[in-house]
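Asker: Questions regarding the structure given below will be posed in turn.
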């Protein structure tokens, strides 16, 4: 495993490509008025990929997460490019982060990060029938790819390095879809 990066300094960022706050004036059905603030997403959306190595095994990536200052194990994910569908973005990110493309891509749904104060949503895509293909990515170091059996998800979520709720939810969505118990809308 790679050594955790050192944080050299922190400061407030007045504006970044990740953050744009806006105020929203609302009037509720009972006449109450409030002004809410929310963080607005930028870019063209994001994708999270549940990449099935075989019928029983998912491919995860371990990468440094500056928000929690440790290496996190989770599903590959990334921002979509202009004009990409969720499936196209998922296949590109899969090639960049995992070194595989997928012949079969299934849209499973959309998750929100914190719907009370953020507009950010991420599209969950199941990737099956994988084949080797690598595209250059934007990660500062090569990501470790980890195979995990889907019937051991209960052990995965007990790990200290698995805290991304979106990855956890997406893995359970995929497991239920593959078992025939969940149908995307």
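Asker: Rounded, prolate or oblate, given the Cα gyration tensor of region 46-178, with a/c below 1.5 counting as rounded?
Answerer: rounded
Asker: If the chain between residue 112 and residue 85 were fully stretched, how many nm would it gain, using 0.36 nm times the residue separation less the Cα-Cα distance?
Answerer: 7.9 nm
Asker: Also, quick follow-up: Please figure out what share of the DSSP beta bridges in the chain is antiparallel and state it in percent, rounded to the nearest 5.
Answerer: 85 percent
Asker: Quick check on the chain: helices-only [θ] at 222 nm, where DSSP H runs of length 4 and up contribute -39,500 (n - 2.57) each and the sum goes over total residues. Nearest 500, please.
Answerer: -5000 deg cm²/dmol
Asker: Looking only at 22, 87, 63, which one moves most when the chain is put into a Gaussian network model with springs between Cα atoms under 10 Å?
Answerer: Highest fluctuation among the options: 22.
Asker: Say we join alpha carbon atoms closer than 10 Å with springs in a Gaussian network model of the chain; which of 126, 94, 111 then has the biggest fluctuation?
Answerer: Result: 111 has the largest fluctuation of those listed.
Asker: If you stretched the chain out fully between residue 175 and residue 11, how much longer would it get, using 0.36 nm times the residue separation minus the C-alpha to C-alpha distance?
Answerer: 55.0 nm
Asker: Moving to a separate point now. Which one of 107, 28, 36 has the biggest mean-square fluctuation once the chain is modelled by GNM with Cα springs under 10 Å?
Answerer: In the Gaussian network model the winner is 28.
Asker: Right, something else. How would you classify region 45-116 from its alpha-carbon gyration tensor, with a ≥ b ≥ c the square roots of the eigenvalues: rounded for a/c under 1.5, else prolate if a/b is greater than b/c, otherwise oblate?
Answerer: oblate
Asker: By how many degrees, between 0 and 90 and to the nearest 10, does the Cα long axis of helix 86-97 differ from the longest principal axis of the chain?
Answerer: That helix lies at roughly 60 degrees to the long axis.
Taken together, the values in this text are just the output of simple stated rules run on the coordinates, not laboratory data. Since the model is a prediction, treat every value here as computed from it, not as a measurement.
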